[in-house]
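Trainee: Quick one: structure below, then a few questions.
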Amino acid sequence: MPKPSPNQLSPRSPLVLDTRELPRRPGALRTVKRVVSAPADLGLELIGVPEGAELSLDLRLESVSEGVLVSGTVAGPVEGECGRCLRPISDSLVVRIQELYAYENSTTDETADEDEVGRMQGDLIDLEPALRDAVVLALPTNPLCRDDCPGLCSECGVHWDELPADHSHQQIDPRWAGLSQLTRQEE
Ligand SMILES: [Zn+2]
Ligand SMILES: [Zn+2]
């Protein structure tokens, strides 16, 4: 069997949509519901979908005059760590996808800019780039374990939740120590 070139899509690849059964007649519809494993590096540095996690695809493929419009949702778990206190974060995410994929050699394929629309490879659509974009956009660049996470004390690295309210590392300048004692005596 000839080795597929790196850019060659495989219809068996989980994030490749096969449109063979979708008539190339505007308005024709097909739905795709499947659970796939998440590819590597789906997300940002601090937070993302773990590799191999279950992604639920719920998509609608619609024939339009020059290609296929893919729309729907992809849902999956998210794991990461809090940008303030490094505690682990477990969450889930649902992203909306809406992307037009032009037929090969259609006017849209030949005239639209590279990043303006997706391109089909024969009957195949590679959903991965659109999915990556949608996931990255949906994730916080500075994830937090909770909105009001106070973070860690910059001096001792202990979480502020575990420290008394008056916790401080204030060092009194020895030249002022005498003065503060004076003040105390006056009180
Ligand atoms: Zn936190
Ligand atoms: Zn401290």
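Trainee: Given the conditions (1) of a type outside the set (A, V, I, L, M, F, W, C); (2) away from ligand 2 (no atom under 16 Å from the Cβ); (3) exposed (fewer than 14 other Cβ atoms within 10 Å of the Cβ), which single one is not true for SER154?
Mentor: With respect to (1) of a type outside the set (A, V, I, L, M, F, W, C); (2) away from ligand 2 (no atom under 16 Å from the Cβ); (3) exposed (fewer than 14 other Cβ atoms within 10 Å of the Cβ), SER154 is out only on (2).
Trainee: What do you reckon, is GLN185 modelled with pLDDT under 95, part of a loop (DSSP other than H, G, I, E, B) and out of contact with any Asp or Glu (no Cβ under 8 Å at 6 or more places or on another chain)?
Mentor: no
Trainee: Would you please name the residue that is farthest from ligand 2 (Cβ to nearest atom), looking only at residues in region 90-130 that are under 15 Å from the mean Cα position of the chain (by Cα) and aliphatic (A, V, I, L, M)? Working first, answer last.
Mentor: Narrowing region 90-130 to residues under 15 Å from the mean Cα position of the chain (by Cα): 90-97, 127-130.
Imposing the further condition that a residue be aliphatic (A, V, I, L, M) reduces the set to 93-95, 97, 127, 130.
Working: LEU93: 34, VAL94: 39, VAL95: 39, ILE97: 45, LEU127: 48, ALA130: 45 Å.
Within region 90-130, the match that is farthest from ligand 2 (Cβ to nearest atom) is LEU127.
Trainee: Would you check if SER168 is at pLDDT below 95, assigned to a helix (DSSP H, G or I) and either out of contact with any His (no Cβ under 9 Å at 6 or more places or on another chain) or of a type in the set (Phe, Trp, Tyr) (or both)? I'd like the intermediate steps shown before the answer.
Mentor: Details: at pLDDT below 95: yes; assigned to a helix (DSSP H, G or I): no; either out of contact with any His (no Cβ under 9 Å at 6 or more places or on another chain) or of a type in the set (Phe, Trp, Tyr) (or both): yes.
So SER168 does not fit the description; no.
Trainee: Next up: Every residue in region 90-124 that is at pLDDT 95 or above, of a type in the set (Val, Ile, Thr) and surrounded by fewer than 18 Cβ atoms within 10 Å (Cβ to Cβ), please.
Mentor: VAL94
Trainee: Need at least 3 residues that are open to solvent by less than 60 Å² (accessible area, probe 1.4 Å) and in contact (Cβ under 8 Å) with a residue 40 or more places away in the chain per element, so show me which strands (runs of 3 or more DSSP E) inside region 1-89 make the cut, counting only ones lying wholly within it.
Mentor: Result: 16-18, 47-49, 54-64, 67-81.
Trainee: Return yes when ARG60 is of a type outside the set (S, T, N, Q) and closer than 30 Å to CYS145 by Cβ and no when it is not.
Mentor: no
Trainee: Going residue by residue through region 78-89, is there one that turns out to be more than 16 Å from ligand 2 (Cβ to nearest atom) and under 19 Å from PRO14 (Cβ atoms)?
Mentor: Yes: one or more hits.
Trainee: Restricting the search to region 129-151, which residues are under 30 Å from SER106 (Cα atoms) and surrounded by 15 or more Cβ atoms within 10 Å (Cβ to Cβ)?
Mentor: Matches in region 129-151: ALA130, LEU131, ARG132, ALA134, VAL135.
Trainee: Same structure again: As an exercise: evaluate ASP161 against (1) of a type outside the set (Ser, Thr, Tyr); (2) assigned to a loop (DSSP other than H, G, I, E, B); (3) within 16 Å of ligand 2 (Cβ to nearest atom) and give the number of the one condition it does not meet.
Mentor: For ASP161, the failing item is (2).
The values are calculated or read from the model by the stated rules, or taken from the named source; none is laboratory data. Predicted, not measured: the structure shown is a model, and the values here were computed from it. Cβ coordinates were reconstructed from backbone atoms using ideal geometry, including for glycine residues, and neighbour counts include every protein chain displayed. Accessible surface areas use protein heavy atoms only, side chains included; no ligands, DNA or RNA. Shrake-Rupley method; radii C 1.70, N 1.55, O 1.52, S 1.80 Å.
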